[in-house]
Every structure is written in C-alpha cells, then in structure tokens.
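What follows is a single structure, written as structure tokens, with notes after it.
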Amino acid sequence: MSRLVHVLRAGRLPYQRALQLQQTIANQLLHQGKQPSLPVGAALQPPYRHVLILTEHDPVYTIGIRTRGYDEAEEQRLRALGAEFVRTNRGGLITFHGPGQLVAYPILNLKHFQPSVRWYVCHLERTIIELCRRYGLQAQTTADTGVWIDDRKICAMGIHASRYVTTHGLALNCDIDLSWFRHIVPCGLVGKSVTSLVQELARPELGVDNVTDEFLDCFRQTLQCDLTPLDEAARNELMCELS
C-alpha cells in the first residue's frame with residue numbers, strides 16, 4: 001500500500017497552475033501523520049500517499065536555481081516570442097515546456113521508496129531509458145542531467161525535494177515543436193541539441209496521448225510501484241483549488 005501511486009491526468013495546464021497543484025499535494029504529504037489522534041480516513045488526511053501528475057504546458061521557458069545568463073532583459077526577449085517565463089526552485093538551468101511534451105511530476109514520499117534523492121533521479125532516468133528502448137531507441141545518461149540519444153537530449157529532468165517529498169520532475173519530448181529551443185541554450189549546455197521521439201523515429205503518431213500509457217508502465221516497473229487513477233472526487237477537489 002505504501003507504494004501505491006495515484007495518477008492524476010491533469011490535461012494541459014499553465015505552468016504556474018501546475019506549480020500550485022504540485023505544492024498543494026506536497027504540503028498534504030508533508031503533513032500526513034503529524035496528527036496521530038485523527039481517525040483513519042479523517043477529512044484532513046488525503047486518500048493518497050503519492051501522486052503522479054501528468055500534464056502538458058502552454059509555451060513556457062522555466063529556469064531553476066541556476067540563473068546565470070538570464071537576467072530581466074533575457075526574460076523579456078523570451079516573453080516577446082509568445083511564451084511565459086517562470087523562475088522556479090527546481091535544480092538545473094533553463095529549459096522549455098510546450099504542447100507535444102509529456103510532463104510528469106511525481107509527488108512522492110521517498111521514505112516509502114528509498115530515502116535517497118540520487119536513487120530517485122537514477123530511477124527516473126531508467127524509466128525514460130526503458131521507454132526509449134521499447135521504441136527502438138538507445139538512450140543513455142551522461143555527466144549532464146537528463147536522458148540523451150548521442151548528444152541530443154530527449155528528456156529534461158529537474159527535481160526538488162523537501163524532507164524526502166519530491167516535486168518537479170521530467171519532460172519527455174514527444175512531438176513538440178523543437179524550434180522553441182533555438183532561442184536558448186537548453187540547460188546551459190553549449191554545443192548540445194534537443195530531440196524528440198518523432199524527430200528520431202519519423203513516426204508522427206508518437207504524440208503525448210499515444211506515449212503516456214507506455215510511460216506509465218515503465219514508471220511502474222522501474223519504481224516497483226502500483227498505479228491507480230486518482231478518483232474523480234479527489235481530482236475535482238484538487239483542480240478546483242487552483243486559482
């Protein structure tokens with residue numbers, strides 16, 4: 001039961017709303033068990049221990065705690081392209097999110113898995129490597145974060161953990177418009193490029209909807225957990241809290 005992960009298919013969300021959704025769930029998980037006098041199933045205890053949010057974003061450039069080279073002038077330049085620009089507390093430098101990219105935010109309490117951020121990142125990487133293998137692609141990790149096919153990044157990763165409760169996650173390029181990445185140095189890596197499943201395989205059907213179930217199966221196997229859809233009542237309650 002402690003490794004049962006509830007899957008929340010959130011549809012397309014503006015990035016800021018996805019941040020709010022993550023933080024709401026993370027705060028609930030952080031406070032679980034702090035009031036032992038509450039009966040099991042009491043209203044203040046959410047009916048889940050872990051949630052995997054699946055979403056796509058409207059065009060947005062996001063930057064992590066390493067902001068070198070992206071001052072206010074650069075922010076305005078990128079906004080002028082028609083994208084949002086958001087500064088976050090995740091690891092890593094700048095990247096882009098947009099339609100055609102499968103974004104997964106696992107909100108997990110690692111104490112029920114392995115209380116190690118390094119273990120967690122490694123298993124997220126293995127999830128994507130296995131997914132790529134199933135599509136006939138040889139992906140790998142390198143000294144740089146993310147998952148790569150040769151020197152082309154197919155999946156960006158950036159996470160945050162507070163008392164072993166995780167937020168942020170990964171972004172897998174399915175059929176995303178790669179031209180958005182030309183306006184930045186993705187993740188600060190000069191001389192490297194970005195790719196997608198469609199770019200590598202010339203299979204236009206490999207959009208987010210057609211890849212999601214395979215991703216979920218790889219996630220389940222790699223993290224050795226059970227997956228179940230978040231029930232409609234809990235989903236509606238969470239989504240209604242978004243401003």
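The values are calculated or read from the model by the stated rules, or taken from the named source; none is laboratory data. As the structure is a computational prediction, the values presented were derived from the model and not from experiment. Note: ideal-geometry Cβ built from the backbone for every residue, glycine included; neighbour counts use all protein chains shown. For the accessible areas, the whole protein counts, side chains as well, though only heavy atoms, and no ligand, DNA or RNA atoms are used. Shrake-Rupley method; radii C 1.70, N 1.55, O 1.52, S 1.80 Å.
Filter region 153-172 down to residues that are more than 12 Å from the chain's Cα centre (by Cα) and crowded, with 16+ Cβ neighbours inside 10 Å and give me whichever is nearest to E56 (Cα to Cα).
Checked region 153-172; the qualifying residue nearest to E56 (Cα to Cα) is I154.
State yes or no: is Q76 among the polar types (S, T, N, Q), assigned to a helix (DSSP H, G or I) and open to solvent by 10 Å² or more (accessible area, probe 1.4 Å)?
Taking the combined requirement at face value, the residue satisfies it.
If you scan region 175-210, which residues turn out to be hydroxyl-bearing (S, T, Y) and either modelled with pLDDT of 95 or more or under 18 Å from P59 (Cβ atoms) (or both)?
Result: S179, T195, S196.
Under the condition of being free of Cβ contacts under 8 Å to residues at least 40 places away in the same chain and surrounded by fewer than 17 Cβ atoms within 10 Å (Cβ to Cβ), which residue from region 115-133 is farthest from V103 (Cα to Cα)?
Only one residue tops the list, namely S116.
Please work out if R133 is basic (K, R) and either at pLDDT below 95 or over 19 Å from the mean Cα position of the chain (by Cα) (or both).
So R133 passes the test.
With the structure loaded, tell me whether T127 is within 18 Å of the chain's Cα centre (by Cα), of a type in the set (S, T, Y) and not in a strand (DSSP E or B) or whether it fails that test.
Spelling it out, T127 is indeed within 18 Å of the chain's Cα centre (by Cα), of a type in the set (S, T, Y) and not in a strand (DSSP E or B).
Among residues belonging to region 211-243 that are open to solvent by 30 Å² or more (accessible area, probe 1.4 Å) and among the hydrophobic types (A, V, I, L, M, F, W, C), point out the one that is nearest to L172 (Cα to Cα).
L227
Pairs under 7 Å by beta carbon, first residue at positive phi in region 210-231, partner part of a loop (DSSP other than H, G, I, E, B) and modelled with pLDDT under 95, six or more apart or different chains?
Filtered contacts from region 210-231: Q224/R3.
Please go through region 195-210 and give me each residue that is open to solvent by less than 40 Å² (accessible area, probe 1.4 Å), closer than 15 Å to R134 by Cα and not in a loop (DSSP other than H, G, I, E, B), ordered by number.
Across region 195-210, the qualifying residues are L197, V198.
Which of (1) open to solvent by 60 Å² or more (accessible area, probe 1.4 Å); (2) of a type outside the set (K, R); (3) modelled with pLDDT of 90 or more does P39 not meet, given it meets every other one?
(3)
Would you pick out the residues in region 109-124 that are farther than 24 Å from I149 by Cα and either among the charged types (D, E, K, R) or part of a loop (DSSP other than H, G, I, E, B) (or both)?
Residues satisfying the conditions are K111, F113, Q114, P115, S116.
Name the single residue that is modelled with the lowest pLDDT among those in region 136-174 being charged (D, E, K, R) and part of a loop (DSSP other than H, G, I, E, B).
If we take residues in region 136-174 being charged (D, E, K, R) and part of a loop (DSSP other than H, G, I, E, B), then D144 is modelled with the lowest pLDDT.
Is it the case that some residue within region 101-113 is out of contact with any Phe, Trp or Tyr (no Cβ under 8 Å at 6 or more places or on another chain), closer than 17 Å to C225 by Cα, of a type in the set (V, I, T) and open to solvent by 30 Å² or more (accessible area, probe 1.4 Å)?
Scanning region 101-113 turns up no residue that is out of contact with any Phe, Trp or Tyr (no Cβ under 8 Å at 6 or more places or on another chain), closer than 17 Å to C225 by Cα, of a type in the set (V, I, T) and open to solvent by 30 Å² or more (accessible area, probe 1.4 Å).
Residue by residue through region 85-108, note down the ones that are in a strand (DSSP E or B) and modelled with pLDDT of 95 or more.
Selection gives H97, Q101, L102, V103, A104, Y105, P106, I107.
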